[in-house]
2 protein chains.
Amino acid sequence: MKPTIRDVAKLAGVSISTVSRVMNAPETVVESKRLKVLDAIEELKYQPNSFARGLIYRKSYTLGLLVPDIENMYYAGMIRGMQDACIKLGYSLMICNTDRDPERLLSYIDAFHEKQVDGIVFASDMLFPEYYDKLVGCRIPFVMVSSHCDEYDIPSVEVDDEAAAYDAVKFLIELGHKQIGMIGFNHANSISGPPRMEGFARALKECGLEQNLEKVKYASHRFEHAYEASHELFSEYPDTTAVFCVADEFAMGTISYLKDRNVLVPGQVSVVGFDNIRMAGMFIPKLTTIAQPIYELGYRSAEQLHELVTTGSVKVTREKMKHKLIVRESTRER
Amino acid sequence: MKPTIRDVAKLAGVSISTVSRVMNAPETVVESKRLKVLDAIEELKYQPNSFARGLIYRKSYTLGLLVPDIENMYYAGMIRGMQDACIKLGYSLMICNTDRDPERLLSYIDAFHEKQVDGIVFASDMLFPEYYDKLVGCRIPFVMVSSHCDEYDIPSVEVDDEAAAYDAVKFLIELGHKQIGMIGFNHANSISGPPRMEGFARALKECGLEQNLEKVKYASHRFEHAYEASHELFSEYPDTTAVFCVADEFAMGTISYLKDRNVLVPGQVSVVGFDNIRMAGMFIPKLTTIAQPIYELGYRSAEQLHELVTTGSVKVTREKMKHKLIVRESTRER
DNA sequence: TCCTTCTCTGAAAAGCTTTTCAAATGCAGT
DNA sequence: ACTGCATTTGAAAAGCTTTTCAGAGAAGGA
């Protein structure tokens, strides 16, 4: 049985109040007793029971995180940032992988509610009304990362997807490409799908390349789907010389497809990715991509949640972070 | 303020005991009252306070996981398995990323102790005495995954590293390779380093290829190190035609190095990896590798921990799972 | 020496739930 | 109608900590 504060008190020959004070306000107890208590704590390896504490403080010092896919390196990087922030701020982090299953997401919210997490970071793209209602019903403060919400005023951190996509496509155009395709996210369940599409369109229009507007195929998050999608793209538009992919994993899928068709990248077709996950620099060819500050996004979102939890609101609600084009080896002048 | 059981009781016009019973033993309360209570719960969105419950049950229904590197896809896959098992068994999972920092690991154990997790899955290779002492000091049951412990009788699940390495190298030999190198884990901080080395050696000896025994370079877990290590390997032994890498990420590093030197894989050099992380099938060329049942390893370890936590012991303490050679495109006959 | 003031300590309450135990209610049988 | 039994309900305790409040003791001043 785990030792309690009573055991420590008995061993040290003091009352439980004194033991408690040694831990929470050491300066108020006389040195001789304090030392005895400290010894007793050490000897019993006493650790205050967080249930009892939680009951009193009404805080769990735990944050919850909802991610759609933990096997996606994008989220893995974000988690690192969040966890570092949590250490700094004194929280534990409870990570839940929804696998993009709404049922599962909802049941995780219940679990968070029951565990009394102090707040939730919502990294699962779309905030459906169902989720929103549940969250506010449970009165759990939450923030969004790499996502946002138009209807309600939810704090969020993300990158400017439209501008980032614009930069990527503009880069392709400046390289001399005229036949440009895109592998995008299915709009239905994606927050960043539409703005990235818009960025693509804006760059095209600005340069009089409207004929490419229709060269868009959609995939849903995974390599295999992107592989499929590029098959469709190149079957329909065989003269495409550049592809903008809205995720690095899509870029990999596209390049794999091309490779299987003996099309050289970047020799014959240029591909640019998005996110700059760790793998982007390890792939062959190394991916030219739009870098998101992934770690910082995670870090910042935890800070933001802390701010929300402690002060009840957040200074800047819809924060944007800077993206950056990283030119590596998957693109070439036309 | 969150509603408590009192609020529910008042709203439903019954005592708190009745409310509690509705939740924990519904058949003992008469239907009319039960319905009223259920309505009240619904209306207030009442969720029992897990601190109070934890205090009584002395269980948190939370498991802790210690991983060395969450950005490593190997662990990401394992986490999915664990989390699925946790859902099935009614636990929450608290994932902590140690970044291979002993300080950090120790402080996470403290956090787990304070949070009263019911048990810990230890996925960080080596169980140093320091860790062991702390864990038993805290009286927290724990199991190991993809690792084991020789000194003490700790439940664990893993693959037979020696046999798996043997299979990989044997495969290379059967392909006709005679000059075989290896990129291994630094022994100092790795559990699977030595047995994989032994498997390599056994295959070599069995086939009279002892001259390769010295063609081993070490890297520490990341792509870049493996890149460096293969540079050393090929500088020293330029006639090497096959490399056994003890991790898929090492294989990628090796292939990248070779690519940068214009050496064809598998044309001139064959490379086999280890783990079969998701990325292995996405890389170019697709990796021939030893597949570990990553998801199952995670799943099983959580089950094992549950067994340990509930019954106090585990039927089979040192469980082995089957590996399998998967031949893809990074290897070729000599 | 006695009183005041300050420092330090312990008892008790609060925080929320589950569970035990006793009381109350309902019902059947005589 | 009354006894006895089963069913249902409520009061209270337990689980562990923090915090408030009051009291004890010490120190200092008159």
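Results, tabulated for the structure shown:
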item	result
Residue satisfying condition, being open to solvent by 30 Å² or more (accessible area, probe 1.4 Å) and in contact with a Lys or Arg (Cβ under 7 Å, 6 or more places away or on another chain), within set A:328, A:300	A:328
Boolean, residue A:266 is out of contact with any helix residue (DSSP H, G or I) (no Cβ under 9 Å at 6 or more places or on another chain) and open to solvent by 10 Å² or more (accessible area, probe 1.4 Å)	yes
Within region A:240-263, considering residues that are charged (D, E, K, R) and buried (at least 24 other Cβ atoms within 10 Å of the Cβ), the one farthest from the other protein chains (Cβ to nearest Cβ)	A:248
Counted residues, region B:108-157 - those being open to solvent by 60 Å² or more (accessible area, probe 1.4 Å) and either of a type in the set (Ser, Thr, Tyr) or over 22 Å from residue B:62 (Cβ atoms) (or both)	8
Any hit, region A:4-22, residues being within 14 Å of chain B (Cβ to nearest Cβ), under 17 Å from residue B:110 (Cβ atoms) and either touching a residue at least 60 places away in the same chain (Cβ under 8 Å) or away from DNA strand C (no atom under 11 Å from the Cβ) (or both)	no
Residue in region A:25-39 that is within 30 Å of residue B:74 (Cα to Cα) and either open to solvent by 60 Å² or more (accessible area, probe 1.4 Å) or more than 16 Å from DNA strand C (Cβ to nearest atom) (or both) present	no
Selection from region B:26-44 of residues that are more than 9 Å from DNA strand D (Cβ to nearest atom) and either of a type outside the set (A, V, I, L, M) or away from chain A (no Cβ under 11 Å) (or both)	B:26, B:35, B:36, B:37, B:38, B:39, B:40, B:41, B:42, B:43
Hits in region B:234-250 - residues which are in a helix (DSSP H, G or I) and touching a helix residue (DSSP H, G or I) at 6+ places or on another chain (Cβ under 8 Å)	B:234, B:248, B:249, B:250
Qualifying residue in region B:109-132 (condition: within 16 Å of DNA strand D (Cβ to nearest atom), of a type in the set (Phe, Trp, Tyr) and facing chain A (nearest Cβ under 8 Å))	no
Whichever residue in region A:111-167 is touching a strand residue (DSSP E or B) at 6+ places or on another chain (Cβ under 8 Å) and among the aromatic types (Phe, Trp, Tyr) and, among such residues, is nearest to residue A:83 (Cα to Cα)	A:122
Residue list for region B:50-68, filter: at the interface with another protein chain (Cβ under 9 Å from one of its Cβ atoms) and touching a residue at least 60 places away in the same chain (Cβ under 8 Å)	B:54
Any hit, region B:193-208, residues being among the charged types (D, E, K, R), assigned by TED's automatic domain parsing to the domain that holds residue B:79 and either in contact with a strand residue (DSSP E or B) (Cβ under 9 Å, 6 or more places away or on another chain) or farther than 24 Å from residue B:315 by Cβ (or both)	no
Sole exception among (1) open to solvent by less than 30 Å² (accessible area, probe 1.4 Å); (2) under 26 Å from the mean Cα position of the chain (by Cα) for residue A:227, by number	(1)
Matching entry among A:47, A:83 (being away from DNA strand D (no atom under 16 Å from the Cβ), of a type in the set (S, T, N, Q), within 12 Å of chain B (Cβ to nearest Cβ) and not in a strand (DSSP E or B))	A:83
Condition broken by residue B:18, with the remaining ones in (1) crowded, with 18+ Cβ neighbours inside 10 Å; (2) of a type in the set (Ser, Thr, Tyr); (3) within 21 Å of residue A:58 (Cβ to Cβ) satisfied	(3)
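The values are calculated or read from the model by the stated rules, or taken from the named source; none is laboratory data. Remember, it's a predicted structure, so these values are computed and weren't measured experimentally. Glycine gets a Cβ as well: all are built from the backbone with ideal geometry, and neighbour counts include every protein chain shown. Note: areas computed on protein heavy atoms with side chains; ligands, DNA, RNA excluded. Shrake-Rupley method; radii C 1.70, N 1.55, O 1.52, S 1.80 Å.
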